[in-house]
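Only one structure is covered here, and it is reproduced in the block below.
Every number here is computed from the coordinates shown, using simple stated rules; none is lab data. What you see is a predicted model; the values in this text were computed from it and never measured. We place every Cβ from the backbone using ideal geometry, glycine too, and count neighbours over all the protein chains shown.
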Amino acid sequence: MGDTSHTSADHLHRRGLMFVLSSPSGAGKTTLSRMLLERDSEIRLSVSATTRPPRPGEIDGVHYHFVSADEFQRMIDEDDFYEWAEVFGHRYGTPKGRIRAALKEGQDFLFDIDWQGTQQLYQKDQQDVVRVFILPPSIEELHRRLQNRATDSAEVIAARMERARAEISHWDGYDYVIVNDDVEVCFDKVRAILDAERMKRARQTGLIPFVRGLMA
């Protein structure tokens, strides 16, 4: 690998992390995730495996890893999921093997999952998981945002609000909690958390050879 003592301190090798963004529907998680993927070249969206068939335009390995029901079950039996769930008759899961190998190489992953998925992920791999929860500024504002979508019926909005309250009740299961009153301000906070977590000593695997070089 060559002499690591001359490696720039700004580019030391580090272990990747699993960055979880969760929020109730309408609190801005989808917008923040998109902004993060557009503005940060070092993080990519975690690609789930699913048993559901591809929708038009979806590409295997980009949007999902499309697998058969038998293959999915085999992955469960072999404990190859960080977390998995069944939604509307189809299974979705986060494959462990692919992500572990990439984390070792320093790749960061963004997870758009709910509190149950977050809990499963954290139980399997605490050292690599950073959990961020996004709150709306008020329940009234959350309701207004859901209404402004103009795509859902009153019944659907009411169901989403009920689910939002249930999700908010799990806020204390996260490492960081941010109120999204202004999306740019909120995004700056998300970036600050990510930058600080990347610099944690335990993740800076290149520090050991670098410091040895300094002391040689």
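Data table
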quantity: Backbone HN-Hα couplings from phi across segment 152-160 [Karplus 6.51/-1.76/1.60, Hz, Gly and Pro as x]; calculated: 10, 6, 4, 5, 5, 4, 4, 5, 5
quantity: Dipole axis of the chain (+1 Lys, Arg; -1 Asp, Glu on Cβ), positive-most option in G213, G93, Y174; calculated: G213
quantity: Reachable aspartates and glutamates from K189, criterion Cα separation under 15 angstrom, eight or more residues apart if same chain; calculated: D40, D175, D181, E197
quantity: Candidates P95, P53, P136, ranked by Gaussian network fluctuation over the chain, Cα under 10 Å, top entry; calculated: P53
quantity: Segment 154-190 versus segment 68-111: alpha-carbon centroid distance in Å; calculated: 25 Å
quantity: Top of R91, R55, R100 by mean-square fluctuation, Gaussian network on the chain, Cα under 10 Å; calculated: R55
quantity: Helix-derived mean residue ellipticity, 222 nm - over the chain, DSSP H n ≥ 4, -39500 (n - 2.57), to 500; calculated: -12500 deg cm²/dmol
quantity: For E83, distant residues with modelled amide H under 5 Å away; calculated: T94
quantity: Radius ratio Rg over Rh of the chain, counting only Cα atoms, Kirkwood formula for Rh; calculated: 1.02
quantity: Share, in percent, of DSSP beta bridges within segment 1-134 that are antiparallel, nearest 5; calculated: 35 percent
